[in-house]
1. Regarding ALA210, is this residue part of a helix (DSSP H, G or I), surrounded by fewer than 18 Cβ atoms within 10 Å (Cβ to Cβ) and not acidic (Asp, Glu)?
2. Six or more apart or on different chains, Cβ under 6 Å: which pairs go from a residue in the stretch 173-201 that's basic (Lys, Arg) to one that's surrounded by 13 or more Cβ atoms within 10 Å (Cβ to Cβ) and not in a strand (DSSP E or B)? Could you list them?
3. Could you look through the stretch 133-150, keep only residues that are over 18 Å from VAL222 (Cβ atoms) and part of a helix (DSSP H, G or I), and pick out the one that is farthest from the chain's Cα centre (by Cα)?
4. Looking only at the stretch 58-86, which residues are over 28 Å from LEU260 (Cα atoms) and in contact (Cβ under 8 Å) with a residue 24 or more places away in the chain?
5. Among all residue pairs at least 6 apart or on different chains, which show Cβ distances below 7 Å where the first residue, located in the stretch 270-291, is free of Cβ contacts under 8 Å to residues at least 60 places away in the same chain and the second is hydrophobic (A, V, I, L, M, F, W, C)?
6. The conditions are (1) under 30 Å from ASP142 (Cα atoms); (2) under 24 Å from the mean Cα position of the chain (by Cα), and ALA312 fails exactly one of them. Which is it?
7. Going through the stretch 220-269 one residue at a time, which ones are surrounded by fewer than 24 Cβ atoms within 10 Å (Cβ to Cβ), small (Gly, Ala, Ser), part of a loop (DSSP other than H, G, I, E, B) and within 17 Å of the chain's Cα centre (by Cα)?
8. Those residues that are among the small types (Gly, Ala, Ser) and in contact with a strand residue (DSSP E or B) (Cβ under 8 Å, 6 or more places away or on another chain), I need them from the stretch 310-345; list them, please.
Amino acid sequence: MSGVSGVSGVSGVSGVSGVSGVSGVSGVSGVSGGGAGFRPPPYPYDRLDRLKPLAAGHEGGLVDLSIGTPCDPPPREVVAALSSSGAERGYPSSIGTPAFREAAAGWMLRRLGVEVAVGDIAACIGTKELVTAMPQWLHLRDPGRDTVLYPAVSYPSYAMGATLAGCRAVPVDIEGGGLEAVAADDVARALCLWVNSPGNPTGALTDLGAAAAWGRAHRVPVLSDECYVEFTWDGPPRTILEHGSEGVLAVHSLSKRSNLAGLRAGFYAGDADLVHYLSEVRKHAGAMVPGPVQAAAVVAFGDDAHVDAQRARYAERMAFFREVLAGAGAAAEPSAGSFYLWAAAPEGDAWALTAWLTKWGGVLVAPGDLYGEAGEGYVRVALVQPIERLRLVADRLGRAPGAGGGPS
């Protein structure tokens with residue numbers, strides 16, 4: 001793709017011709033020098049706000065596929081439990097109520113085939129809270145280590161958690177089998193290794209057994225973010241806890257599984273010593289999942305039918321939109337997991353493809369460099385919108401210049 005024509009109002013997007021009005025889309029630095037202290041960088045998805053006006057002329061408005069925010073309804077029984085728990089007055093337990101932890105244990109046994117003691121499970125306020133705070137807590141535990149290892153193409157919060165703790169963030173090509181290539185100094189300084197399977201943004205599956213073995217061999221805790229586990233397409237769902245709990249944690253959430261991102265309910269489970277340490281730290285920090293939310297979570301973890309229905313929705317959307325992307329010249333392989341498509345942009349210009357899709361399809365996707373430099377040249381598409389909205393995008397693109405062959 002040698003430039004995208006007919007797109008105006010946005011600049012600073014490489015490879016887009018005739019585009020003006022917005023700058024600074026690429027190249028973000030969040031740490032200022034000269035003793036000025038930390039200056040938070042722009043939140044990654046805020047960089048996309050500049051493109052949204054390109055869709056303004058489309059009847060039906062913008063179709064936002066840039067963020068993995070569930071748009072489908074959660075189970076009614078879960079919502080009803082929020083208003084009938086009677087847990088509003090008292091302070092909730094930081095580790096989670098016995099009912100919450102028992103529900104989480106039951107779900108893991110039923111859906112993932114692993115038996116975890118209730119005492120080795122603790123609640124967290126969604127999983128992003130845990131991800132971003134983990135380096136700080138682990139550094140307090142082991143001040144001689146200061147490095148977070150994380151997937152080179154991944155959710156930005158793994159690296160940001162290290163930054164917020166004043167630690168180092170070192171990307172690793174985990175999907176490419178690059179654990180053995182990690183420098184010896186980085187291994188010696190490692191607080192933890194994050195893995196994410198199924199992965200965001202690529203949908204790839206990590207060899208969790210190999211990751212667990214590597215962590216044990218090098219005495220590095222392995223933290224496995226498994227929030228998309230129920231949307232595994234290549235074989236059955238899998239967890240790092242299948243390979244034992246020593247030195248590992250599995251991290252789970254209701255946000256994606258049950259369309260409950262607004263509740264902020266998740267849990268971590270695994271290594272008994274690490275779960276106990278984190279639970280005590282979080283207790284002092286006042287990190288508590290609200291009581292009514294825990295009651296609702298018990299209902300959500302106890303029901304699988306709504307998840308099976310959601311799986312069917314995502315499967316339909318992903319198959320449909322792969323064809324839409326192919327018509328735009330962006331090839332996406334079938335995803336092994338998650339509800340994302342990871343598509344190669346024509347001629348490697350992801351921001352140009354994103355601008356073209358927004359202008360002519362009224363659809364917003366996420367350029368791959370939001371997930372690390374190794375993601376450049378790709379776009380991530382979150383299939384969270386109803387199929388009717390995706391068909392609307394397809395109809396719009398069918399009338400776009402270069403329809404059938406994508407941007408030119």
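Only the coordinates and a few stated rules stand behind these numbers; no lab work does. In this text the structure is predicted, and so the values were computed from the model without any measurement. Heads up, the Cβs are rebuilt from the backbone with ideal geometry, glycines too, and the neighbour counts pull from every protein chain shown.
1. Working: part of a helix (DSSP H, G or I): yes; surrounded by fewer than 18 Cβ atoms within 10 Å (Cβ to Cβ): yes; not acidic (Asp, Glu): yes.
Against the criterion (part of a helix (DSSP H, G or I), surrounded by fewer than 18 Cβ atoms within 10 Å (Cβ to Cβ) and not acidic (Asp, Glu)), ALA210 qualifies.
2. ARG189/ARG145; ARG189/ASP146
3. Taking the candidates together, the pick is LEU140.
4. So in the stretch 58-86, the residues over 28 Å from LEU260 (Cα atoms) come out as 58-59.
Scanning the stretch 58-86 gives a single hit, HIS58.
5. Once the first residue is free of Cβ contacts under 8 Å to residues at least 60 places away in the same chain and sits in the stretch 270-291, its partners that are hydrophobic (A, V, I, L, M, F, W, C) give LEU274/LEU249.
6. Going through the list (1) under 30 Å from ASP142 (Cα atoms); (2) under 24 Å from the mean Cα position of the chain (by Cα), ALA312 breaks only (1).
7. Residues satisfying the conditions are ALA261, GLY262.
8. Taking the stretch 310-345 and keeping what is among the small types (Gly, Ala, Ser), we get 312, 315, 319, 326-332, 335-338, 343-345.
Across the stretch 310-345, the qualifying residues are ALA326, ALA330, ALA331, ALA332, SER335, ALA336, GLY337, ALA343, ALA344, ALA345.
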